[in-house]
Amino acid sequence: MLNARTNKTWLGLAVAAACIAGIGIAASVQRSTAYAANAEGTNTMLAHNVYFSLKEPNETNRRKLVAACDKYLSDHPGTVFYAAGTVSDLNRSVNDRDWDVGLHVVFKDRASHDAYQDAPQHLKFIDENKDTWAKVRVFDTDLSGAKK
């Protein structure tokens, strides 16, 4: 025969197991909902990658443009990742090295990207730096399966 103390222990273990199972089910449902939203394109992060070729490509001008990116583009609402830098010295046959500065911003969704395009800081960055650009290439990617 089980005593009262043993009964309480078993009851406590049963409640803990039920809570853990409930948390697991809730997390699974949340992940499934997020993946379904990504599949529908309603919750997709957007990667905005910009490659600048400079009219006067030298180390000083590259550093200036990276500094301008950091100053004006690094802290916009909805940004989940930001980085800017210069072309790497990797020189493999598949590497496209026809640029000087790369900007990489991942937004939590398309609405954040669209707001960024008209943001005063973004427009000021363009206005202050556009005369130094020989060419600008933009690659935007909807990130399927991305986790927020």
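The values are calculated or read from the model by the stated rules, or taken from the named source; none is laboratory data. Worth saying up front: this structure is predicted, and the values here are computed from it rather than measured. Neighbour counts run over all protein chains shown; Cβ positions are idealised from the backbone, glycine included.
What number of residues within the stretch 45-101 satisfy the criterion of being over 20 Å from THR132 (Cβ atoms), over 13 Å from the mean Cα position of the chain (by Cα) and of a type outside the set (Asp, Glu)?
Total satisfying the criteria: 7.
Is it the case that some residue within the stretch 69-82 is at pLDDT below 95, in a loop (DSSP other than H, G, I, E, B) and among the small types (Gly, Ala, Ser)?
Looking through the stretch 69-82, none of the residues is at pLDDT below 95, in a loop (DSSP other than H, G, I, E, B) and among the small types (Gly, Ala, Ser).
Pick out the one residue from LYS64, LYS55, LYS8 that is at pLDDT 95 or above, out of contact with any strand residue (DSSP E or B) (no Cβ under 7 Å at 6 or more places or on another chain) and on the phi < 0 side of the Ramachandran plot.
LYS64
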